[in-house]
Amino acid sequence: MRPRSGARLGPGEAPGLALQTLQTFKGLDYICKKILEYGMERIMQIENIGNRVQVGPAQLPDLHNLMRTACTVLDLPPVPLYVEMNPVPNAYTYGVSQPFVIMTTGLLDLLTPDELLGALGHELGHVLCRHVLYRIVAENISTITTMIGQATLGIGKLLSQGLVLALLEWYRKSEYTADRAGLLTVQDPNIMVSTLMKLAGGASRWTQNMNQEAFLKQADQYDALDESTLNKAYKFLQQVNLSHPIPVLRAKEINTWGQSFEYRPCQPLCGYCKATVGDKDAFCPSCGSPVAGAEFGKKRGGSRPANCPSCLAAVPGGFEQCPVCGKAL
């Protein structure tokens, strides 16, 4: 199975706009080549084997099955998953030629299985949309500068503040896209909102008392701050150097997208006759084949995706072009 191509970067943004801005900076391709040349990906692979737990059928099988489900729904080949001993809840994707996902023990302790599935879908969204290389650049600018040497190669001039800010702007927008991939995986906006709420301020002892509606209202309160010019300035200064969007805004955006025309859950179809399969069906109601052979995100009678591969919008049957972005299907 071939991974689908990139997706819309964020709410209200033209597809690829932030990436186009990023690519106007001279020297970015040079930096990317140096990352591959210095073997950062290989270093991480070695560290994975030595310092982390590799998930598989015989190691954390329940988590392995969640990863298999996420890969299947997003039409991706298997992606390796590792668990890192770290109390801070986090997950991240690394690797360009051979991507892999790392989850911390803190995240495993905080989230439910459904929320973990959404988190895995989020990380695989970065693989799906080919975000990983530029994300590595954004995360390792200081390391790259040290390794290459500013004085010798003149890299200091290339790493202008403008490039750094453009990288961070693109990085934040890539998170919105990955959230959409997470929603396509778990197929329930409430699960994505709950995940983001817990990442903003969740504690395992108190998660049962957390309220999603109250958290979403915080996003409205945050937007209302724009009525003051000074508040808008403070908000800009707060966000401009962040790698991730504000959690309440991410929650509001994914909740809004989950209720929009652009989104429709990937429906499981029988892998043999392409008939629709219910969530609780062990066998296809049409041909009797085991549901284990089902394919996700495909329309009945064909292999065309139910969601546009460019912007992830839902595409009604019979359309030859995406009604949202116009991409040929």
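The values are calculated or read from the model by the stated rules, or taken from the named source; none is laboratory data. Owing to the predicted nature of the structure, the values given are computational and were not obtained by experimental measurement. No Cβ is skipped: glycine too gets one built from the backbone with ideal geometry, and neighbour counts run over all protein chains shown.
Of the residues 76, 36, 9, 19, which is under 25 Å from residue 250 (Cα atoms), at pLDDT below 95 and not in a loop (DSSP other than H, G, I, E, B)?
19
State which residue is surrounded by the most Cβ atoms within 10 Å (Cβ to Cβ) when the search covers only segment 229-250 and only residues that are under 23 Å from residue 179 (Cα atoms) and aliphatic (A, V, I, L, M).
Filtering segment 229-250 down to residues under 23 Å from residue 179 (Cα atoms) leaves 235-236, 238-250.
Now drop any that are not aliphatic (A, V, I, L, M), which leaves 240, 242, 246, 248-249.
Working: 240: 11, 242: 12, 246: 17, 248: 21, 249: 18.
For segment 229-250, the residue satisfying everything is 248.
If we keep just the residues of segment 191-202 that are farther than 13 Å from residue 116 by Cα and either of a type in the set (Val, Ile, Thr) or touching a helix residue (DSSP H, G or I) at 6+ places or on another chain (Cβ under 8 Å) (or both), which is surrounded by the fewest Cβ atoms within 10 Å (Cβ to Cβ)?
So, considering only residues that are farther than 13 Å from residue 116 by Cα and either of a type in the set (Val, Ile, Thr) or touching a helix residue (DSSP H, G or I) at 6+ places or on another chain (Cβ under 8 Å) (or both), the one surrounded by the fewest Cβ atoms within 10 Å (Cβ to Cβ) is 200.
Among the numbered criteria (1) touching a strand residue (DSSP E or B) at 6+ places or on another chain (Cβ under 8 Å); (2) at pLDDT below 95; (3) assigned to a helix (DSSP H, G or I), which one does residue 92 miss?
(3)
Considering every residue within segment 199-212, establish whether at least one is assigned to a helix (DSSP H, G or I), hydrophobic (A, V, I, L, M, F, W, C) and at pLDDT 75 or above.
Yes: segment 199-212 contains one or more residues that are assigned to a helix (DSSP H, G or I), hydrophobic (A, V, I, L, M, F, W, C) and at pLDDT 75 or above.
Among the residues of segment 204-228, how many are within 19 Å of residue 246 (Cα to Cα) and loosely packed, with under 12 Cβ neighbours inside 10 Å?
Number of matching residues: 9.
Identify the residue in segment 86-144 that is under 21 Å from residue 204 (Cα atoms) and among the charged types (D, E, K, R) and, among all such residues, is farthest from the chain's Cα centre (by Cα).
Among those residues, the one meeting the criterion is 109.
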